[in-house]
Amino acid sequence: MGTLVFLCLGPLLWAVQLTLIYGPQSSLCAYGIGTGQGGSNLLVAGLILIVSALCMGLAAAALLRPGAAYELATGTRPSGETWPFLTWVMRALAALSLLAMLYAGLGALLLPACAQLR
């Protein structure tokens, strides 16, 4: 199970980012908190920036230190002849997820937060 979490680390972080961005954003808009100008929009933008930076930072750390990410996910040290393949798959998925997180964060920042709920 830990190896599967290691392989899907990038897509899992992307799912966390989408959940933490669009869930609270929709809730804030439904209650009318994000519909005004000024401070309420700064709240939504701050949430998007913090969550995106955190998730992208974790994915980048896993890209740079796959051994540490594997140890964290499985509790064991990487070994064996499958390690290069596991590293390659994890890095490929994490790199694609980083790009997707960047686009999702930019889309959430640049588009009006509550226009679709009016």
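The values are calculated or read from the model by the stated rules, or taken from the named source; none is laboratory data. Note that the coordinates shown come from a computational prediction; the quantities given were computed from them, not determined experimentally. All Cβ positions, even for glycine, are placed from backbone atoms using ideal geometry, and neighbour counts span all protein chains on display.
Here is a yes/no grid of residues against (1) more than 29 Å from Gly2 (Cα to Cα); (2) in contact with a His (Cβ under 6 Å, 6 or more places away or on another chain); (3) among the small types (Gly, Ala, Ser):
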| residue | (1), (2), (3) |
| --- | --- |
| Ser52 | no, no, yes |
| Cys55 | no, no, no |
| Gly67 | no, no, yes |
| Pro78 | no, no, no |
| Leu86 | no, no, no |
| Arg91 | no, no, no |
| Ala108 | yes, no, yes |
| Pro112 | yes, no, no |
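Going through the range 1-17 one residue at a time, which ones are of a type outside the set (Phe, Trp, Tyr) and within 21 Å of Leu49 (Cβ to Cβ)? Listed by number, the residues that qualify are Gly10, Leu12, Leu13, Ala15, Val16, Gln17. Scanning the range 29-66 for residues that are surrounded by 19 or more Cβ atoms within 10 Å (Cβ to Cβ), at pLDDT below 85 and within 28 Å of Ala94 (Cα to Cα) yields a single hit, Val44.
The set of residues in the range 78-107 that are in a helix (DSSP H, G or I), among the hydroxyl-bearing types (Ser, Thr, Tyr) and surrounded by fewer than 11 Cβ atoms within 10 Å (Cβ to Cβ) contains only Tyr103. Which residue out of Ala94, Ala100, Ala45 is in contact with a Gly (Cβ under 8 Å, 6 or more places away or on another chain) and in contact (Cβ under 8 Å) with a residue 12 or more places away in the chain? The conditions single out Ala94. For the range 108-118, a residue qualifies if it is part of a helix (DSSP H, G or I) and loosely packed, with under 15 Cβ neighbours inside 10 Å, and the qualifying residues are Leu109, Leu110, Ala115, Gln116, Leu117.
Given the criteria assigned to a helix (DSSP H, G or I), without any contact (Cβ under 8 Å) to a residue 12 or more places away in the chain, more than 15 Å from the chain's Cα centre (by Cα) and loosely packed, with under 13 Cβ neighbours inside 10 Å, does Leu4 qualify?
yes
As for the range 46-57, it holds no residue that is of a type in the set (A, V, I, L, M), closer than 24 Å to Leu110 by Cα and not in a helix (DSSP H, G or I).
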